[in-house]
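What follows is calculated from the coordinates using simple rules that are stated; it is not laboratory data. As the structure is a computational prediction, the values presented were derived from the model and not from experiment. Every residue, glycine among them, receives a Cβ derived from its backbone with ideal geometry; neighbour counts consider all protein chains shown.
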């Protein structure tokens, strides 16, 4: 009986209806899945990389055999015991009740909560056929997975859609196509200096789909972004899969027993269909906090040299990921305000996200948004030029040494923080706009661009609220201006 997304996903692996799946079909799939339960590393690097192969052996650190990142079980030995038991029952045609073990489904005690029946925590039982299907979902490599390091150990996390059987088959078809086209090196592990072999995890641990980010909070959105990339090829299956996600929740399950459902906002699905979501996620993932001297995740090796504590740095970014994920999933006023509370500089590629938010959720016209974007870009470039005048007025960015670049970036961010504080504290739009523009103009000896007048007039005339005015100005001033580069001219 298909009353649970984990059973439905396994049924979708077959090109048959539930009632048409025979015991022999299940036995065949279970045996094939057992052949890929772990990953075994090559004894020596090949071309500077360790090459992993799928194997049926149990995990063994001493033999460089690690759990496959797509097998959703906290105990591989007990999982194999359950597989043997259910195969025996299938061979004997015994369709008896089986208690769902945690090794088979980490959320076994919450099984009913995620079924059509609903309910509270309990030790659930299902008939042999459904138990075999649950095991297949746990074992299959045909589901989006990522490995995360939690509580001093690795945990496997998977994303399952809870939609119709036909839409689920489309989802699996798209996922397999993505792996075939864009993930040809999943079983390779780069050899890094100073790392032991067991520390070199294959790329599949970072996600078995393209453009994944190493963030637990952003994993489901990475999956949507990857599906959206196929949309560029006008894949009808990708379109149907995304439409299914638009109307139904996604189930996230971790091998440590955690699970939750998430419904993604329509506007984010639209961005995914446009093929832009993975670029936005990647850009925001690597955005830089003002408080860390312009260093972001891509600069991790430099933190110690500038007395930045890595543990504090990691915690700050993990918290930011959580609120970023909330914003990209819920896409509402409250989640945007929480996201904006983290002061960062964003790459220019996030413009389309802010455009979509202000148009869709704040009902601001495109003309006003474009005008606000011009003003925000001017403020960001003013911050850079003012800082450059103080640190290295006659030297191009490309000629600065590392310390000069850090000091310049700190000064730039100090200006932006002071500007944001002034904006947030303003009681009305007139004082907000006039004070911000006057200070920036005085420091830079320049005027705000004429293209920004549409936004300025709308704000001062009350056509947009004070809160929306603040958010527009702050959001777009955080986008790194393309003028703040080595081609920028010093202020006279």
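Counting helices only, and only those DSSP H runs with n ≥ 4, report the 222 nm mean residue ellipticity of the chain as the sum of -39,500 (n - 2.57) divided by its residues, in deg cm²/dmol to the nearest 500. Show your work: numbers first, answer last.
Details: 17 runs with 233 residues, N = 492.
So the calculated ellipticity at 222 nm is -15000 deg cm²/dmol.
Packing-based ranking of 360-367, 246-253 yields 246-253, 360-367, ordered from highest to lowest mean Cβ neighbour count within 10 Å. For the chain, the longest principal axis of the Cα atoms and the long axis of helix 219-231 meet at an angle of about 90 degrees. Residue 193 to residue 322: extension gain in nm, 0.36 nm per residue of separation minus the Cα-Cα distance? The span from residue 193 to residue 322 would gain 43.3 nm if fully extended.
Packing, taken as the mean count of other beta carbons within 10 Å per residue, orders the peptides 14-26, 167-179, 69-81 from highest to lowest as 167-179, 69-81, 14-26.
For the stretch 276-333, the Kirkwood estimate of hydrodynamic radius, built from reciprocal distances between every pair of different alpha carbons, is 12.4 Å. Relative protection proxy for 134-141, 60-67, 410-417, from highest mean packing down: 134-141, 410-417, 60-67 (other beta-carbon atoms within 10 angstrom).
Working out 0.36 nm times the residue gap between residue 427 and residue 451, then minus their Cα-Cα distance, what length gain in nm do you get to one decimal?
Working: separation 24, 0.36 × 24 = 8.64 nm, distance 2.50 nm.
My answer for the length gained is 6.1 nm.
Computed from Cα positions, the angle between helix 402-425 and the longest principal axis of the chain comes to roughly 80 degrees.
As an exercise, find the ratio Rg/Rh for the stretch 185-229 from alpha-carbon atoms, using the Kirkwood inverse-distance average for Rh.
1.07
Helix 165-182 and the longest principal axis of the Cα set of the chain meet at an angle near 70°.
The largest-to-smallest principal axis extents of the Cα set in the chain are 87, 52, 40 Å.
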